[in-house]
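Asker: Structure incoming, see below.
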Amino acid sequence: MTTPLTLSHEQPLVPGWATGTITLGCDYNPEQWDETVWHDDIALMRELGVDLVAINIFGWAQLQPQPGEFDFARLDRILDLLHAAGIRVNLGTGTSSPPPWLARVHPETLPQAADGTIAWPGGRQAWCPSSSVFREKALELVTAMGDRYGAHPAVMLWHVSNELGCHNALCFCDESARAFRDWLRVRYGTLEALNAAWGTAFWSQRFGAWDDVLPPRATRSAGNPAQLLDFKRFSSDALLDYYRAETAVLRERSEVPVTTNLMVTAHIQTQDYFSWAPELDLIANDHYLDHRLADPLAELAFSADLTRGLAQGGPWMLMETSTSAVSWQPVNHAKRSGELTRTALGHVARGADSICFFQWRASRSGAEKFHSALLPHSGTAGEGWVQSVELSAVLDRLSPVVGSRVHARAALVFSWEAWWAAEGDSQPSRLMRYLPEAHRYHRAMRALGVTVDLVAPGADLSRYSLIVVPTLYTLTDAEAASIAQAASGGATVLITPFSGIVDENDAIRAGGYPGAFRELLGLTIDEFRPLAAEATVALSSGARGSIWSESVRVVDAEVIATFVEGPAAASPALTRRAVGSGAAWYTATVLDDDGVLALLRRLCADSDVPIVEVGFDVDIVTRRSPSADFTFIINHRDLPLTVPVAGLDLVSGETVDDATPLAGGSVRVVMTERSDRGA
Ligand code: GAL
């Protein structure tokens, strides 16, 4: 029988911890299959070594075919079958997509776009996050689920809804408008304070009554940026509040931990997961390689590091990824031989103790019928199954890694609020984008073999020697002070352009840009001078900049490089100010890859952060337990590679030394005993 997990802040609450292995799991949608198929599925799951299965993610229509009519018989049977087979269950509350009758009986639950367009049922997640009727109906189901399965011995985790906000994060309907006003009342107290925060003296936007306050619905001109920023905050909070409501129902009925699958990814920005993370019993992420990006593997590493940041550095769970192609990108690339293991280990290297897939058996019908699965359409005869078996065998060998923590001496400050605000309407340049700038620095650090923790503004920075702050357009005074304090305490801090410009209401900080960092950096910006789309400018250091330049006036800083051409010619482009026992650097442009690498090499040298020049196609990351270091080396290129790491390779079982080459496309997890045990 499964031992229920106890909630503890001391221990990482992840399935790997409970089972002592890196957990292999998957979504399973038994509703799509005849019960005779279930038996084959369970036998094959055992053969593959599946430990954890997420079910009932989209079960509502089957469980409640009509209002007031529940039927749990099939769910009872599959749960018991999985339990009998020793497979643990990550049980979905089933509320992510309502059955078609809900929209017929309660059309007011449907979400509305900014232009008033209604999103109809027929896809998924067609519900307004603020809908009281939706919440009532969903909680009815959650109550029944909690009562029925709260103590079922197979259930080791509750999976609330699914990817909250994937399709319905922003709703502009009248009920959302009322909820938005309630949220604003709590934030600001009075209408006067709201008017001041939103700067409504501008364009005759001043509110005389609360009922005039609306969500940022479609307008003919640019809207109010402060209103938009608050609406994003509200929308993130509205879904979090919904998560809390489901969780409260479950907690009254069950001691099993509760979580939901986050989407820490480049194409979803609507939830501020730093505010969500403390409410989840364990941090679980969904990640799919995004081939619309220039470097999908670098983005995988970024997502995994940010997920670990949400887990406060502890182990976390990859709740969904794909074995091969997805079905929702313009071109859905299949993974190459070995890529499944390499990408899965990319997550393990950065702290995941559990690797789960969407999904077990590939669907025959519906919008995802071409999506890959652990058991593909070709069954166990094809290459897909071979890849799944190979991964399972590798994960089995990594048990010693479970519970260890990634060791990083560098941090990158990440902020969903800065992402929302920096890319609003009416900025100096639409080309100046938040996430690409954060990715650029993270990607270069990965290429230098430097492991980076992604942390929230205001986080404790005291353990980091190098801190990168990309485009932190908005932040509070306290957050700015913590960055300045890290520099004076000895860290090397790098701030990149369009940082510290506005306060938390998106109002310009007085006294000259970059208000929040002017003193720390010892400079003032007189004029932003953004560049045209294809333009680049040379710097005196030999680097090139694009997208952004500006006229910088140095007050108390050393000029390391200047612009030699372009609209800011002769103005400082890279500066350094000694601060206490550390330093604060500033770059006034978007540097090219070589420029970023050269700058980071210098900053790593200054801050004593060791580098291993592995390049853009290799991951090298160390996880640390009290007794050993585990260095993951993932060679995504076809050519062999030699890295200076010696010890026992858990993947091959061989002892390797500094000169043992790592074959093209292969992975190594080198275990080295720590002489400083436990330090
Ligand atoms: C996720 C979702 C799954 C499935 C998967 C396909 O966003 O949670 O249900 O749709 O994508 O890649």
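Asker: How long is the gain from Gln312 to Val186 if the chain were fully straight, where each residue apart is worth 0.36 nm and the alpha carbon distance is subtracted? Write out the running numbers ahead of the final one.
Answerer: Numbers: separation 126, 0.36 × 126 = 45.36 nm, distance 2.85 nm.
Computed gain between Gln312 and Val186 is 42.5 nm.
Asker: Using a 1.4 angstrom probe on the protein heavy atoms only, line up Arg463, Arg220 by accessible area, largest first. Write out the running numbers ahead of the final one.
Answerer: Numbers: Arg463 150, Arg220 245 Å².
So the residues, ranked largest to smallest area, are Arg220, Arg463.
Asker: Taking a probe of 1.4 angstrom, what is the accessible area of Ile508 in Å², to the nearest 10?
Answerer: Here the residue's solvent-accessible area equals roughly 100 Å².
Asker: Largest first, how would Ile57, Ile611 line up by accessible area (1.4 Å probe)?
Answerer: Details: Ile57 0, Ile611 65 Å².
Descending accessible area places them as Ile611, Ile57.
Asker: Have a look at the range 625-673 and give its Rg and Dmax from the Cα atoms, expressed in angstrom.
Answerer: Over the range 625-673's Cα set, Rg and Dmax evaluate to 10.4, 34 Å.
Asker: Okay, moving on. Determine the calculated [θ] at 222 nm for the chain from helices alone, applying -39500 (n - 2.57) to every DSSP H run no shorter than 4 residues and normalising by the residue count; nearest 500 deg cm²/dmol.
Answerer: Values: 18 runs with 208 residues, N = 679.
Mean residue ellipticity at 222 nm (helix-derived): -9500 deg cm²/dmol.
Asker: List the aspartates and glutamates whose Cα lies under 18 Å from the Cα of Lys335, skipping any in the same chain that are fewer than 8 positions away.
Answerer: Result set, ordered by chain and number: Asp286, Asp290, Asp295, Glu299, Glu320, Glu368, Glu383, Glu390, Asp617, Asp619, Asp638.
Asker: On a full-extension model of 0.36 nm per residue, what is the gain between Ala381 and Thr476, subtracting their alpha-carbon distance, rounded to one decimal in nm? Intermediate results must be reported in sequence, preceding the final value.
Answerer: On the way: separation 95, 0.36 × 95 = 34.20 nm, distance 5.72 nm.
Length gained, Ala381 through Thr476: 28.5 nm.
Asker: Okay, moving on. Quickly rank 369-377, 530-538 as a protection proxy: mean count of other C-beta atoms within 10 Å, highest first. Display every interim value, and only then the final one.
Answerer: On the way: 369-377: 20.3, 530-538: 15.2.
Descending mean neighbour count gives 369-377, 530-538.
Asker: What number comes out for accessible area per residue over the chain if the probe is 1.4 Å? Units Å², please. Don't skip to the end; give the middle numbers.
Answerer: On the way: 25850 Å² over 679 residues.
Value for the chain: 38 Å² per residue.
Asker: Now a separate question. May I ask you to order 300-310, 127-137, 557-567 by the average number of other C-beta atoms within 10 Å around their residues, highest value first?
Answerer: On the way: 300-310: 25.5, 127-137: 21.4, 557-567: 18.2.
Descending packing order for the listed peptides: 300-310, 127-137, 557-567.
Asker: While we're here: Could you look at the chain and say what percent of its accessible area is carbon and sulfur, using a 1.4 Å probe and all protein chains? Mind showing how you got there, number by number?
Answerer: Values: 13250 of 25850 Å².
C and S atoms contribute 51 percent here.
Asker: Evaluate the Kirkwood expression for the hydrodynamic radius of the range 410-606, namely the inverse of the mean inverse distance over all pairs of different C-alpha atoms, and round to one decimal in Å.
Answerer: Numbers: mean 1/r = 0.0613 Å⁻¹.
In the range 410-606 this quantity evaluates to 16.3 Å.
Asker: Report the extension gain between Asp594 and Ala659 in nm, rounded to one decimal, defined as 0.36 nm multiplied by the number of residues separating them, less their alpha carbon distance. The partial results should precede the final answer.
Answerer: On the way: separation 65, 0.36 × 65 = 23.40 nm, distance 2.80 nm.
Difference between extended and current length: 20.6 nm.
Asker: Ignoring ligands, DNA and RNA, how do Thr219, Thr380, Thr109 rank by accessible area with a 1.4 Å probe, largest first? Intermediate results must be reported in sequence, preceding the final value.
Answerer: Working: Thr219 95, Thr380 70, Thr109 0 Å².
Correct descending sequence by accessible area is Thr219, Thr380, Thr109.
Asker: Here is a further query. Give me the percent relative contact order of the range 625-673, please, defined on Cα pairs under 8 angstrom at least 6 residues apart.
Answerer: Details: 107 pairs, mean separation 24.1, N = 49.
This gives 49 percent for the range 625-673.
Asker: Need one word for the chain: rounded, prolate or oblate. Basis is the Cα gyration tensor (sqrt eigenvalues a ≥ b ≥ c); a/c below 1.5 gives rounded, then a/b vs b/c decides.
Answerer: Oblate, since a/c reaches 1.5 and b/c is not below a/b.
Asker: Next up: Among DSSP beta bridges lying fully in the range 410-606, give the percent that are antiparallel, nearest 5.
Answerer: Numbers: 23 of 39 bridges.
The antiparallel proportion sits near 60 percent.
The values are calculated or read from the model by the stated rules, or taken from the named source; none is laboratory data. These figures come from a predicted structure and were not determined experimentally. Cβ sites come from the backbone with ideal geometry, for glycine too, and all protein chains shown count toward neighbours. Surface accessibility is based on the protein's heavy atoms, side chains included, excluding ligands, DNA and RNA. Shrake-Rupley method; radii C 1.70, N 1.55, O 1.52, S 1.80 Å.
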